[in-house]
Amino acid sequence: MQFGACRYIYNWALDYSRWEYQENKTTTFRKDWQALIPKLKEYLPWLAENGNAQSLQSELAHLESAFKRFYKKKAGFPKFKSKHGKQSLSVPQQFKLNLETNRLSITKLKDIKIVLSKDISGMNLRSVTITKTCTGKYFASILYETGQEAPTAPIPVKRRSLGIDLGLKDFAILSTGTKVSNPKFLERDQKRLRRLSQAFSRKKKDSKNRSKAKLKLALLHETISNRRSNFLHNLTHDLTCENKGAKTLCVETLNVKGMMKNHCLARSISSVSWGEFIRQLDYKCRWSGMNLLSCGKFDPTSKTCSHCKAKNDSLKLSDRAWMCSACGCQHDRDINAAKNIVDFAFSNLHGRGEASEVLYPELAGEIKPVEMKALVVAKAATKLLSVKQEVCLSL
Ligand SMILES: [Zn+2]
């Protein structure tokens, strides 16, 4: 019921702001929606009964940030939440966690028995988000403060950097020459997936067999996505924790949207989840005091010789290995690209490349790091900003 109340509020506020805009050409904000909630509760007693006020408030906050992303042209127009599919609600306050009995109590909900995956005793708990998956599993993610300060990232130094080129055949190619092959989880189960979805669509609407088939299909999707996320977490963990020596990771800013236009590759690209990989790298780098740099979308990372910097314009996508005509160096296409990513990322960072504007988080507001051409993603950004000059001189 709580899920329903939260979903209702979200959809109601979205509908209301759409209506206001169409009828009166006015944009409504969170405070406008909030002001109407008491009236809404009068009309709909079930909402007052079931909805935790805090959770309803946070739904409005979510909608507001969805609108903000839309106005900044970073996302499409907010969509209505559906009753089917994944459900979630967040509880910013008004919850208690009893670690001895392993029970979570939330206002207007019964005590919930939980299984903790981590010891969080003594932590400063901030909020809880409860999710229900399509397969009917419930999860609670608890946000807490550890009380430790985020480690400071050192000044990026080229020889302690690792370039990562992302690809389809090999998932990641490191500038050290290591290749991580693409596990292709979706492709592996493609046949089963097709069979299950055919079986599902053949079943009569609203029948028991249809919901059974739906669950089966959802379970397979869940397995695939769990495998993928496990793979990504392991890989990003290895890159950020196990990489002794490397303190800076360099990645490419991928033009995923442009690549998706190629229909032959669209499925493989969406299944390979580079975006999620970079998102994980980003926060894990911050956790472990590392830098994440990125080179520009249009930097010729593949066509440039990493040894003498000569450009090979005749390089085709199918050429996996090539020889530089200027210096005679033999190159593996991807390893060469990974090496160049480091060079381009550093030249962008120091304003010598095409991206002369080096943006830092506190200057750039909420812009996602990978969207900027060169950016040090580190908690120590302010520190870096003040030593930036020094870096330029020493290189
Ligand atoms: Zn060369």
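The values are calculated or read from the model by the stated rules, or taken from the named source; none is laboratory data. From a predicted model like this one, the values you see are computed outputs, not experimental measurements. Ideal geometry is used to build each Cβ from the backbone, glycine not excepted, and the neighbour counts take in all protein chains shown. Remember, those area values only see protein heavy atoms, side chains included, never the ligands or the DNA or RNA. Shrake-Rupley method; radii C 1.70, N 1.55, O 1.52, S 1.80 Å.
Checking Leu281 against (1) within 30 Å of Pro151 (Cα to Cα); (2) open to solvent by 10 Å² or more (accessible area, probe 1.4 Å), which test does it fail? Exception for Leu281: condition (2). The residues of the stretch 12-31 that are surrounded by 14 or more Cβ atoms within 10 Å (Cβ to Cβ) and either more than 26 Å from Val128 (Cα to Cα) or over 32 Å from the mean Cα position of the chain (by Cα) (or both), listed by number, are Tyr16, Ser17, Arg18, Glu20, Thr28. With respect to (1) farther than 22 Å from Ile106 by Cβ; (2) of a type outside the set (Asp, Glu); (3) in a helix (DSSP H, G or I), the lone exception for Lys74 is condition (3). Could you check the stretch 291-302 and list, in sequence order, the residues that are away from the ligand (no atom under 16 Å from the Cβ) and more than 18 Å from the chain's Cα centre (by Cα)? Those that are away from the ligand (no atom under 16 Å from the Cβ) and more than 18 Å from the chain's Cα centre (by Cα): Cys295, Gly296, Lys297, Phe298, Asp299.
Figure legend. Inter-residue proximity from the stretch 288-317: first residues in the same structural domain as Asp343 (by TED's automatic domain parsing), second residues of a type in the set (A, V, I, L, M) and within 11 Å of the ligand (Cβ to nearest atom), beta-carbon distance below 8 Å, spacing 6+ or different chains. Indicated pairs: Thr304/Ala310; Cys305/Ala326; Cys308/Ala326; Ala310/Ala326. Within the stretch 158-188, take every residue that is open to solvent by 50 Å² or more (accessible area, probe 1.4 Å) and among the hydroxyl-bearing types (Ser, Thr, Tyr) and give me the one that is nearest to Met260 (Cα to Cα). Among those residues, the one meeting the criterion is Ser181.
Ile155 passes every criterion in (1) open to solvent by less than 70 Å² (accessible area, probe 1.4 Å); (2) under 17 Å from Thr248 (Cα atoms); (3) modelled with pLDDT of 85 or more; (4) not in a strand (DSSP E or B) apart from (3). Against the condition surrounded by fewer than 21 Cβ atoms within 10 Å (Cβ to Cβ), in contact with a Cys (Cβ under 9 Å, 6 or more places away or on another chain) and among the polar types (S, T, N, Q), how does Ser271 come out, does it pass? The answer is no for Ser271.
Counting only residues that are open to solvent by 30 Å² or more (accessible area, probe 1.4 Å) and closer than 18 Å to Thr253 by Cα, the stretch 287-301 holds 3 of them.
Yes/no per residue for (1) among the hydrophobic types (A, V, I, L, M, F, W, C); (2) over 26 Å from Ala150 (Cβ atoms); (3) modelled with pLDDT under 85; (4) open to solvent by 70 Å² or more (accessible area, probe 1.4 Å):
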site: Thr304; (1), (2), (3), (4): no, yes, no, no
site: His350; (1), (2), (3), (4): no, no, yes, no
site: Val370; (1), (2), (3), (4): yes, no, yes, no
site: Leu384; (1), (2), (3), (4): yes, no, yes, no
site: Val387; (1), (2), (3), (4): yes, no, yes, no
site: Val391; (1), (2), (3), (4): yes, no, yes, no
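Of everything in the stretch 200-233, what is of a type in the set (A, V, I, L, M) and under 12 Å from Leu186 (Cα atoms)? Give them in sequence order. The answer is Leu220, Ile224. Taking the numbered list (1) charged (D, E, K, R); (2) surrounded by 13 or more Cβ atoms within 10 Å (Cβ to Cβ); (3) within 19 Å of Val91 (Cβ to Cβ) in turn, Glu49 passes all entries but (2).
Would you confirm whether or not the stretch 40-47 contains a residue that is in a helix (DSSP H, G or I) and over 23 Å from Ile106 (Cβ atoms)? Yes, some residue in the stretch 40-47 is in a helix (DSSP H, G or I) and over 23 Å from Ile106 (Cβ atoms). Given the criteria within 16 Å of the ligand (Cβ to nearest atom) and crowded, with 16+ Cβ neighbours inside 10 Å, does Thr236 qualify? No. If I filter the stretch 303-337 down to residues being among the small types (Gly, Ala, Ser) and at negative phi, which single residue comes out as farthest from the ligand (Cβ to nearest atom)? Restricting to residues being among the small types (Gly, Ala, Ser) and at negative phi, the top hit is Ser318. Ile9 meets the conditions (1) surrounded by 18 or more Cβ atoms within 10 Å (Cβ to Cβ); (2) more than 13 Å from Glu64 (Cβ to Cβ); (3) in contact (Cβ under 8 Å) with a residue 40 or more places away in the chain in every case but one. The failed one is (2).
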